[in-house]
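Since the structure comes first, as structure tokens, the remarks are kept for the end.
The values are calculated or read from the model by the stated rules, or taken from the named source; none is laboratory data. As the structure is a computational prediction, the values presented were derived from the model and not from experiment. For neighbour counting, all protein chains shown are included, and Cβ atoms are generated from backbone atoms with ideal geometry for every residue, glycine included.
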2 protein chains.
Amino acid sequence: MFDKKGVDPKWDEAELVPQLSLDCVIFGFNEGVLSCLLLKWKGTDEWSLPGGVVRQVESIDDAATRVLKERTGLDKIFLNQFYAFGKVKRYENTAIRKKLSHLVPEKLWYDRAISIGYYSLVNFAAVSPNPDELTEACVWWDLKDLPELLFDHREILDKALHSLRRELSFQPVGFNLLPEKFTMPELMRLYEAILDRKMDPRNFQKKILKTGILNRLDEVKKGVAHKSPFLYSFDKDRYEAVLNEGGLFMQ
Amino acid sequence: MFDKKGVDPKWDEAELVPQLSLDCVIFGFNEGVLSCLLLKWKGTDEWSLPGGVVRQVESIDDAATRVLKERTGLDKIFLNQFYAFGKVKRYENTAIRKKLSHLVPEKLWYDRAISIGYYSLVNFAAVSPNPDELTEACVWWDLKDLPELLFDHREILDKALHSLRRELSFQPVGFNLLPEKFTMPELMRLYEAILDRKMDPRNFQKKILKTGILNRLDEVKKGVAHKSPFLYSFDKDRYEAVLNEGGLFMQ
DNA sequence: TATCATTATGTAATCCTTACACATTGATTT
DNA sequence: AAATCAATGTGTAAGGATTACATAATGATA
């Protein structure tokens, strides 16, 4: 979006791939609510997706991994490239530059940048959100109640969600959003949140168990009101095997 | 892949987005065979995908459309962005530079380029393939019998095919590969070629007709040996309506 | 006129999906 | 201590979709 030269002195312009940026849609799930991490720009009420630039010595995947690590503290997380945004004018330049003029000097803006979109699925409880040098807050926002976003970030977010929904039809990516042990209702609520529709618990359980990628543990979740639910874990080996045989589907 | 400055004098370096290229996998279908267009580099036996660079004044989609137009003569064709390739070293530089040294001066190579991959589906019969200024031939290659490809183009091609197969599960994109009027066996052979497996003609017909996106015409294909097959056309309006209602699936 | 390759078509069995309701649990309230 | 409450766990029947499978019709060619 802009040239980091001068903003962060450890990065010389020559070390960066020019006119290329990336934006990350970081999804988290907690108490039945699907959220994503957004950054609040210093001294404004403006919000945007976490993003970054690509260094000459790192792949775009590595750059996305680095941004994720910087914002969430996590590495080894699920990360998926979903689209490259390459319109000539991806947002109304002058109004946004004016809003952010106290943070980004006019001469540091690129006239144009291509942005690679990544989405990430993270275990909500494991994240400690960190703003970057231009922002004062990094917080979870319920996808059902998002603020206006800067640039074309709303479009990017919508496309990420669309890609996630589609991906969920082919692969059980949702497991990245849950702790290691989870209950069947938790998993179902996750699917409900991502796909934005109600499901039937009996049918959901039948379908997801039939894939064979879950292990029911000899434990129940204690300390909850009401009947104690069984705990399950995701069987990664079994999943790999199933994927190679042609895949799982969950519409 | 390389800086066009000096190669094509009508493009000044400053007019191009630096270190960004795009590669196009152009699929065609003819007589039961799925093919793609490849370029043969002048004075070599080296083949690559058609590609290009992005001008500062055009979107990446426009750049891809332009490349398609230049190679096939077609516009208004189906074009789908499927992935951005962004490793630091996307191919073994020195060997390839040596092979192409008579065409591309050493100093014009970028050390690194990010490439956006597009695939396109075109009506085989409508295409007149044209090589570019660095290549001497632009020809259809059967996907079952491809030559070695330069750079990381084999990986790009494989990923394009994978994306196409997945897309075919959600949308009847295959119609872009056929003439306006086509027979049911032609359509089935297309699906067989893309998905690389045999299908049953009775079941295929049932399934594809149930989507409601085909019109059976009051015509049969004449002049063919054997029983004259009915002609069908693709109902674009009906297709749009069905898509908005949640889609078609064809596994 | 016979041959041949190709097209067009229906039915039964199986599998998958959907719809649907109630007993159990364990914390909380009275 | 008992009653309440909200959430969990579970099975079956109907309908829909998928699969498997074989033969008659056609029209060019030999």
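If the condition is being polar (S, T, N, Q) and in contact with a Lys or Arg (Cβ under 9 Å, 6 or more places away or on another chain), then region B:118-176 contributes B:N130, B:T135. Among the conditions (1) closer than 22 Å to A:Q81 by Cβ; (2) at pLDDT below 90; (3) among the aliphatic types (A, V, I, L, M), A:V25 misses just one, which is (2). Scanning region B:55-71 for residues that are surrounded by 20 or more Cβ atoms within 10 Å (Cβ to Cβ) and in contact (Cβ under 8 Å) with a residue 40 or more places away in the chain, we see that the one that is farthest from the other protein chains (Cβ to nearest Cβ) is B:R71. Would you call B:K227 within 10 Å of DNA strand D (Cβ to nearest atom) and over 20 Å from B:E31 (Cβ atoms)? Against the criterion (within 10 Å of DNA strand D (Cβ to nearest atom) and over 20 Å from B:E31 (Cβ atoms)), B:K227 does not qualify. Of the residues A:T135, A:T183, A:T211, the single one that is touching a Pro at 6+ places or on another chain (Cβ under 9 Å) and free of Cβ contacts under 8 Å to residues at least 40 places away in the same chain is A:T211.
Filtering region B:72-109 to residues that are at the interface with chain A (Cβ under 10 Å from one of its Cβ atoms) and of a type outside the set (D, E, K, R) leaves B:Q81, B:F82, B:Y83, B:A84, B:F85, B:G86, B:V88.
Tallying residues that are part of a strand (DSSP E or B) and either of a type in the set (A, V, I, L, M, F, W, C) or without any contact (Cβ under 8 Å) to a residue 60 or more places away in the chain (or both) within region A:19-35 yields 9. Just one of (1) away from DNA strand C (no atom under 16 Å from the Cβ); (2) under 29 Å from A:Y91 (Cα atoms) fails for A:G174. It is (2). If the condition is being part of a strand (DSSP E or B) and under 27 Å from A:D196 (Cα atoms), then region A:127-150 contributes A:C138, A:V139, A:W140, A:W141, A:D142, A:L149. Taking region A:227-251 as the range and being within 12 Å of DNA strand C (Cβ to nearest atom), at pLDDT 85 or above and loosely packed, with under 12 Cβ neighbours inside 10 Å as the test, only A:K227 passes.
The condition of being within 11 Å of DNA strand D (Cβ to nearest atom), more than 14 Å from every other protein chain (Cβ to nearest Cβ), part of a strand (DSSP E or B) and over 30 Å from A:C138 (Cα atoms) holds for only one of A:R202, A:R216, that being A:R216.
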